[in-house]
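Heads up: the structure comes next, in structure tokens.
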Amino acid sequence: ATLPDILYRPVIYCIIQNLDFQDKEKKKKESIFDLSTYIDKHIRVKFQGGREASGVLKGFDPLLNLVLDGTIEYMRDPDDQYKLTEDTRQLGLVVCRGTSVVLICPQDGMEAIPNPFIQQQDG
Amino acid sequence: MAAIASTNPSQLLPLELVDKCIGSRIHIVMKNDKEIVGTLLGFDDFLFLCVSEITPEGRRITKLDQILLNGNNITMLIPGGEGPEV
């Protein structure tokens, strides 16, 4: 390495770091999903650990903490799988921790369909 | 975070609801099968303080005095909850 290379290298690192800093300043907490359209609607929420709950969305924050009213909690057992009528609890007004929310979807507009992935053996 | 939270003034903020619950009973559901019932003493963005503990799996109730609960594993908070069929 020649002498100019050694001198230029720290300068380049500084420029790159400054660019990163500007990017972080501009990149505020932009939500990719607007939950205000779901306010006062019935939604289903799935959590890390297998719990599911549904209720009326009353509030939320950018960290995805939710306030649900009239909450029903479903627990998943080995033989439960999709039988959500087992082990339901009425919880009422509930705060859901955003760090453990994995899925939010509307309660309506879903129906069970026959398994499309089963291979036919007729060949 | 505070600037974007004011999307709709008539909605209920989650941390506001938890804040209202300070000093009264709260029921905390963890990611696993543990649940905690007690009096909420305070919280910050990550942690909570409670009083007594209930484990519904073997119906084992462990009474603790004051605990500092790590918010990492919390799934739900139910103000005024009494726990599972206490």
Modelled FRET efficiency - R0 45 Å, B:SER10 with B:LEU41, Cβ distances, 0.05 increments: 0.95
Surrounding net charge for A:GLN48, when Lys and Arg each add one and Asp and Glu each subtract one, Cβ distance under 11 Å: +4
Stretchable slack from A:ARG89 to A:MET75, in nm (0.36 nm times residue separation minus alpha-carbon distance): 4.2 nm
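Every number in this text was worked out from the coordinates using simple rules, so none of it is lab data. In this text the structure is predicted, and so the values were computed from the model without any measurement. Note that each Cβ is placed from the backbone with ideal geometry, even for glycine, and that neighbours are counted across all protein chains shown.
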